[in-house]
Ligand SMILES: *Cc1c(COP(=O)(O)O)cnc(C)c1O
């Protein structure tokens with residue numbers, strides 16, 4: 001075990017349980033450990049590393065801007081923010097954008113916007129606004145957000161939580177319709193649930209949800225922090241259903257894997273509820289974040305990474321479907337966003353991830369005993385093939401070991 005790991009275990013909090021590997025270098029889809037071992041990164045930092053590690057153009061944007069101007073706060077204009085926000089609005093079909101850093105902050109921003117919009121525009125009585133979210137959601141780790149998580153561990157020990165949230169089953173538009181009241185401000189949804197297990201809703205779900213929201217004067221907020229920016233084969237996952245939401249959150253890949261950059265984007269009449277002093281962030285929209293965010297968006301379009309994700313992702317899902325092994329319960333996904341759910345009695349997804357690590361493939365387990373794959377969008381089909389072969393071997397070994405007992 002390296003010195004840094006010892007120090008991390010001694011001085012760090014144990015809110016993560018990292019797998020037994022120390023990564024020291026990254027390039028494209030590859031990561032290297034401290035003994036020179038090379039891995040294919042099929043995890044992609046939960047979709048933050050969509051451009052591949054240390055993408056030269058993004059590193060250039062970062063270092064150029066770091067030499068020119070760093071954080072100055074939003075007390076002054078800077079010469080980088082405008083073009084970043086404009087580009088993000090054009091690409092998402094939104095009118096305006098508010099920059100934050102982490103994904104959770106963008107989601108918090110969306111909740112504040114929705115509530116204030118409910119009071120100032122919709123006319124909901126003071127402090128009565130309700131926001132509906134989905135069972136199995138993941139929107140971040142603040143107290144408000146975990147307050148409406150359906151994962152007991154995320155909530156345990158962190159109450160009391162702010163009221164004003166309701167959950168409905170994901171993928172069930174009728175349940176949303178039934179949960180709406182005159183005080184409902186917004187419906188917050190991931191077009192494909194990531195952390196929850198790469199859960200793909202029934203076809204047409206989002207279009208139906210958009211219709212219900214519009215008919216009831218409820219804002220539709222799509223959390224595209226994980227599913228957006230090409231991950232599922234479209235720029236936004238909601239575009240598969242031809243839906244333009246009232247608001248969108250972006251994060252993760254928006255920072256090019258280099259630094260945290262997030263955005264809350266919305267229609268003008270929603271965003272206009274924010275007045276100077278209502279909301280903010282010291283680092284949100286700083287020149288380095290804006291320069292990297294703009295370079296990330298430009299790179300995504302110029303390298304045609306959404307199209308690539310659709311094509312190579314179809315290959316990934318097709319290859320996964322060819323694995324004949326009773327351990328696999330279901331393969332789900334869209335684009336380069338795939339979940340392999342394993343039979344709980346036959347294999348533990350965390351153990352499979354550890355064995356894949358030993359075989360040179362980095363993945364991570366998530367809820368529903370599922371292996372999560374969100375590799376960099378620049379991944380080649382041959383690299384996918386190699387990784388899928390390793391998965392097939394690992395599952396084979398487990399199946400054979402079980403058969404022996
Ligand atoms: C990761 C994630 C978040 C939270 O982002 P952080 O940067 O970790 O705060 C929010 N929503 C979704 C859908 C996510 O996948």
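Numbers for the structure displayed
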quantity: Any chance residue 220 is over 20 Å from residue 84 (Cα atoms), touching a helix residue (DSSP H, G or I) at 6+ places or on another chain (Cβ under 7 Å) and part of a helix (DSSP H, G or I); calculated: no
quantity: Test: residue in region 77-88 that is under 30 Å from residue 279 (Cα atoms), in the same structural domain as residue 194 (by TED's automatic domain parsing) and in contact with a strand residue (DSSP E or B) (Cβ under 6 Å, 6 or more places away or on another chain); calculated: yes
quantity: Residues satisfying the stated conditions in region 1-33, i.e. part of a strand (DSSP E or B) and without any contact (Cβ under 8 Å) to a residue 40 or more places away in the chain; calculated: 23, 24, 25, 26, 27, 30, 32, 33
quantity: Where residue 330 falls short, out of the listed (1) more than 16 Å from the ligand (Cβ to nearest atom); (2) outside any loop (DSSP other than H, G, I, E, B); (3) touching a strand residue (DSSP E or B) at 6+ places or on another chain (Cβ under 8 Å); (4) in contact (Cβ under 8 Å) with a residue 24 or more places away in the chain; calculated: (4)
quantity: Condition check for residue 126: assigned to a strand (DSSP E or B) and closer than 18 Å to residue 273 by Cβ; calculated: no
quantity: Looking only at region 284-306, and only at residues there that are out of contact with any helix residue (DSSP H, G or I) (no Cβ under 7 Å at 6 or more places or on another chain) and part of a loop (DSSP other than H, G, I, E, B), the one that is nearest to residue 108 (Cα to Cα); calculated: 284
quantity: Looking only at region 152-193, and only at residues there that are farther than 20 Å from residue 111 by Cα and part of a loop (DSSP other than H, G, I, E, B), the one that is nearest to the ligand (Cβ to nearest atom); calculated: 171
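Residue-by-condition table, conditions (1) part of a loop (DSSP other than H, G, I, E, B); (2) under 28 Å from residue 275 (Cα atoms); (3) within 14 Å of the ligand (Cβ to nearest atom); (4) more than 20 Å from the chain's Cα centre (by Cα):
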site	(1), (2), (3), (4)
59	no, no, no, yes
97	no, yes, no, no
118	no, yes, no, yes
139	yes, yes, yes, no
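The values are calculated or read from the model by the stated rules, or taken from the named source; none is laboratory data. Treat the numbers as computed from the prediction; the structure is a model and nothing was measured. FYI the Cβ positions are ideal-geometry reconstructions off the backbone, even for glycines, and counts take in every protein chain you see.
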